[in-house]
1. Using the beta-carbon distance between Ala201 and Arg347 and R0 = 25 Å, what value does 1/(1 + (r/R0)^6) give for FRET efficiency, to the nearest 0.05?
2. Apply 1/(1 + (r/R0)^6) to the Cβ-Cβ distance of Arg131 and Ala75, taking R0 = 22 Å, and write down the FRET efficiency to the nearest 0.05.
3. Counting only C-alpha contacts under 8 Å and six or more residues apart, can you give the relative contact order of region 10-147 as a whole percent?
4. Return P(r) of region 15-158 (all Cα-Cα pairs; 5 Å bins starting at 0; whole %; ordered from short to long distances).
5. Using the membrane-span-like helix rule (whole DSSP H runs, Cα extent along the own axis of at least 27 Å, mean Kyte-Doolittle hydropathy at least 0.5), which helices of the chain qualify?
6. Give the Rg/Rh ratio for region 228-347, taking Rg as the radius of gyration of the Cα atoms and Rh as the Kirkwood radius, to two decimals.
7. How many nm separate the modelled label positions at Lys296 and Gln35, each set 7 Å beyond the Cα in the direction of the Cβ?
8. Mind checking region 69-155 for trypsin sites (Lys or Arg not before Pro) that DSSP puts in a loop (not H, G, I, E or B) and that have at most 12 other Cβ atoms within 10 Å?
Amino acid sequence: MPHTDTPHKRKLFIETVGCQMNVLDSELVVAALRQTGYELTDDIREADAILFNTCSVREHAEHKIYSHLGRLKHAKRRRPDCVIVVMGCMAQKDQQLIFERAPHVDLVVGTGQLREIPRLIEQARRDREQRLAVSLHRKAGSRQAVAASFESYDPLRTPEMRPSPFQAFVRIMIGCDKFCTYCVVPMTRGPEQCRPPSQIAAEVRVLADQGVREVTLLGQTVNSYAAVENGRQYRLHDLLELIHDTGGIDRIKFVTNYPRDLSDELLQAVRDLPKVCRYLHVPAQSGCNDVLRRMKRGYTVEEYREMIARIRSTVPGCAVSSDFIVGFCGETEKSFERSMDLIRDCRFKNSFIFKYSPRPGTKAYELYEDDVPEEIKRRRNNEMLALQNRISEEDNAAFIGRRVEVLVEGPSKAAEKAGASGPDAPVQLVGRTDCDRIVVFDGHPRLAGSLATIEIHDCTSTTLIGSIVTHEITHGASVSLPIVQ
Ligand code: 5AD
Ligand code: SF4
C-alpha cells in the first residue's frame, strides 16, 4: 500500500491562481509539506492546512481570494486547529491588511519566504499565533538588502511529487526590474535575480533522470537572464546551449520574453538547437506609441514590429503569442485600433487579453487616471478577442491535412470529466506541438509522456483535432499504426 493512504496523515488543501511561477511555487511547497507528512485533499472541509497561493496582477484575482477567505470564517471557528495560509504575491503586497480583512488567517507568507512554510505551519499549530513572513519593500533598503530578502525557492523535487511526470518548470530567475507602470510584479516578486547556470543545469539533469522530457524555463523576463559564473557571462542563449544536450530532455521552452531583450543570438539558438521549441511568448501590451510610453514598456510599436520581422526571418514557422491590455489610462479609440492593427499584422498564435486594472503601489496608479469606462474596456476586450480568435482559427486551418509531432500530455479535460471507461479503452488525449499548438486525438492513456505523430483533420481557434499516425513504443523508437478516424 502506498504511504499516502495511511489514515493519520494530515490533509492539505491548496488553491493556486496566477502565472506559471505560482504553479511552480505551489508544487514545491506541496512537495515540502508532503515530506513532513501531509497529503493533498481536494475537500477543503477535511483539510488540516489550507493554502491560497495568490496573484495581485489584477484586482479581480484579489477579490476572489478575499471572498473565499471570508467564507472560511465559520469553518475556522468550528476547527480552530486548521491552519490557514495566504502565500504569494498578495501576501507580499497586502501583508498585515490580510489579517485585518480576514482575522482568521494564521499565516501570511510572501513570495520570498516559501522555504519557511512547513516550519511556520507547525508553529501556528502549536501556539495559534498569527505570523507574517514577507520581504522588504523595494524602497525599504539598498538593492542588495531588498534582493537578499527575496529568496528563490528551488529545492530538489522528488519524482512522485511532481504533478506531471514528464514535464517540469525550472526557475532561472526571480523578480523583475522593468517597472512597467501598470504592474505590481516588481513589488511582489522583488528585484531581478538570476540563478547560477550550473545550478539550473544540475536541476535539469536531475529532472531528466527522473523521467522529465520537457522543461519550461521560467522568468518574468526570461530573456533578460544574465549571470556570470567562473568568469564567463551567460545570457539565455548560452543557458539553452548549456542544457541542450541533457540526455532524456526532448523539449525546452521558456517564458516570458521581454520584447526589447530579444536578441539575435537567442533567435539563432531557437533556430539551431533542435530541442528548443519554436514558440515565443513576447507580450506587446499595446500597439500605440502613446500608450506604450505611458506604460513605460521601453519600445515603440515600430521596434516591436521590427522584432517580429526578425523572428519571422530568423526562425521560419516560429509561433508567437502575446499579451495585450485594453483600456489602459488614456487609451483612445484610435490607440485601440493601433493594437488591433498590430494583431492583424503580426498574426499571433494566440493573445492573452486583459482589461486594465489599476493597482495601488504602481506608477500608473499614482500618475494617471483610470479614465476608460468599464463598458468600453469590456467592448474592446471582446472585439480584440474576436479578431485574435479569427486569426488563430485561420492559421490553425492551415494545418488541416498536415502531420504534426506532439508530446502527449494525457487525457483531455473532456475525457477526464467523462471518467474512466476501462484501463485499455482509448480516450481523448491532448498533446502539444513544438510550436505550442494544442492537439486532441483518440488514443490509449498510456501514451502520456511519449511523442506521437498526428494527422490533423479539423480545428477550432484554440485546438487542432486529429488522429494518431505513429507513436513511440520505447524512447526513440516508433511504430506505424493505421489512421483511426
Ligand atoms: N491590469 C491588467 N493587466 C495587467 N497585466 C499586468 N498588470 C496588469 C494590470 N494592472 C497583464 C499584462 C501581463 C500579464 C501577465 O498581465 O498583459 O503581460
Ligand atoms: Fe510586470 Fe513589466 Fe516586469 Fe512583465 S516586464 S513582470 S509586465 S513590470
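1. Efficiency, rounded to the nearest 0.05: 0.10.
2. Efficiency for this residue pair is about 0.65.
3. Normalised by residue count, the contact order of region 10-147 is 21 percent.
4. Reading upward from the zero bin: 2, 10, 20, 24, 22, 14, 6, 2, 1.
5. Answer set is empty.
6. That ratio equals 1.04.
7. Going from the Lys296 label point to the Gln35 one covers 3.9 nm.
8. The qualifying sites are Arg128, Lys139.
Any read-out appearing in this document is the output of simple, stated calculations on the displayed coordinates, not a laboratory observation. Small disclaimer: the values here were computed from a predicted structure and weren't measured. We place every Cβ from the backbone using ideal geometry, glycine too, and count neighbours over all the protein chains shown.
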